[in-house]
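Here the structure comes first, spelled out in C-alpha cells, and everything after it is commentary.
The values are calculated or read from the model by the stated rules, or taken from the named source; none is laboratory data. Keep in mind that this is a model prediction, so the values were computed, not measured. For neighbour counting, all protein chains shown are included, and Cβ atoms are generated from backbone atoms with ideal geometry for every residue, glycine included.
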Amino acid sequence: MPTPATPPLLRLTDIRRRFHLGETVVDALNGVSLDIQAGEFLAVWGPSGSGKSTLMNMLGLIDQPTSGSVQFDGADVGALTDDALTDFRGRRIGFVFQSFNLVPVLSALENVALPLQIQGVDKADALDRARAGLEEVGLAEFTATRPDKLSGGQRQRVAIARALATRPGMVIADEPTANLDSENSRMVVDLMRQMNQAHGVTFVFTTHDPRLLEHVDRKVLLRDGRIERDEVAQ
Ligand SMILES: Nc1ncnc2c1ncn2[C@@H]1O[C@H](COP(=O)(O)OP(=O)(O)OP(=O)(O)O)[C@@H](O)[C@H]1O
Ligand SMILES: [Mg+2]
C-alpha cells in the first residue's frame, strides 16, 4: 500500500482577503494557493501593496480569509474557536516584526523569557532557557541590557531568540530587515537560516530587497494579491 505523502505544515487554498475602507474595496489577496512544508526556508517578496503582510497574517493565523481555506498540520483553521486559535498560535508559531517589538523596560534576557512565562514556565526555568537562546544568537554578553542600548541588528537577534524561545515549528517574520542596514540585514537572514538548519524550524519572511533572496530555498513573488512566481532553488 503506498504511504500517503506527509501533509504540508500549511496549506492555503484559493485565499481571498477583501478589505473595506469606507466606500473603497481593496482585494489584498486574490486567490492565493500555497503549500509550505515543515522545515522550509521561504521568502515572500514583491512591491509595496502586493499583499505580503496580508499573506503573512494568514500564515501566522492572525487574520482569517474572506474566502478560501487555511489548514495547519492538516487541521482546518477556520473551524477552530478563537480560544483554540490563540492557544494554537501561541504554541506553534513565533513572530518577528519589522520594528522589533521588544518590551523597553525589560532586559534582553527578560524579553526572551517572557513568552515562556506567559506559557506558565516558572521564572528560573524561563530565564535559563532564555539565556541559552541569547547565547545561540551570539548575545551572551547582553543579557542584562535593555533594548534601547542595543543596535538594530542586536535587537532583531533578541527578537529572533524570543520567537524561538517556545520552540515553535514555524516563525513568521514580516520585513524583519526593513529597519536595518545591508550588513545587519544579511546577518539577520543568515541567523534565521542557521536556526532553520539547526532546529528544523520553518521560516517564512517577507522582504523588498532582492539581494536577500540569494540564500533562500524558495521565493514566492506576489503581485496584486496573486502569486506571480514560486521558485525553488536548485
Ligand atoms: N487593514 C486593512 N484595511 C484596509 N486595507 C488594507 C488593510 N491591510 C492591507 N490593506 C490593503 O491591502 C493591500 C495589500 O496590503 P499589504 O499590507 O498586504 O501589502 P504589502 O505587500 O505588505 O506592502 P508593503 O511592502 O508596503 O508592506 C494594500 O492595498 C493595502 O492598502
Ligand atoms: Mg507589508
query: Looking at (1) in contact with a Pro (Cβ under 9 Å, 6 or more places away or on another chain); (2) surrounded by fewer than 20 Cβ atoms within 10 Å (Cβ to Cβ), which is the only condition residue 62 fails?
result: (1)
- line: Per the filter on the stretch 118-137, residues farther than 10 Å from residue 162 by Cα, modelled with pLDDT of 95 or more and in a helix (DSSP H, G or I) are 123, 124, 125, 126, 127, 128, 129, 131, 132, 135, 136
- request: Would you point out the residue of the stretch 24-56, among those that are under 22 Å from residue 169 (Cα atoms) and either without any contact (Cβ under 8 Å) to a residue 12 or more places away in the chain or of a type in the set (Val, Ile, Thr) (or both), that is farthest from ligand 2 (Cβ to nearest atom)?
  value: 36
query: Hey, residue 78 hits all of (1) within 16 Å of ligand 1 (Cβ to nearest atom); (2) surrounded by fewer than 16 Cβ atoms within 10 Å (Cβ to Cβ); (3) of a type in the set (Gly, Ala, Ser) but one; which does it fall short on?
result: (1)
query: Of all residues in the stretch 57-75, how many are more than 15 Å from ligand 1 (Cβ to nearest atom) and either in contact (Cβ under 8 Å) with a residue 40 or more places away in the chain or within 18 Å of the chain's Cα centre (by Cα) (or both)?
result: 9
- line: The correct count of residues that are surrounded by 13 or more Cβ atoms within 10 Å (Cβ to Cβ) and over 28 Å from residue 185 (Cβ atoms) in the stretch 20-32 is 4
- request: Could you please find all residues in the stretch 33-59 being part of a helix (DSSP H, G or I), buried (at least 20 other Cβ atoms within 10 Å of the Cβ) and not aliphatic (A, V, I, L, M)?
  value: 52, 54
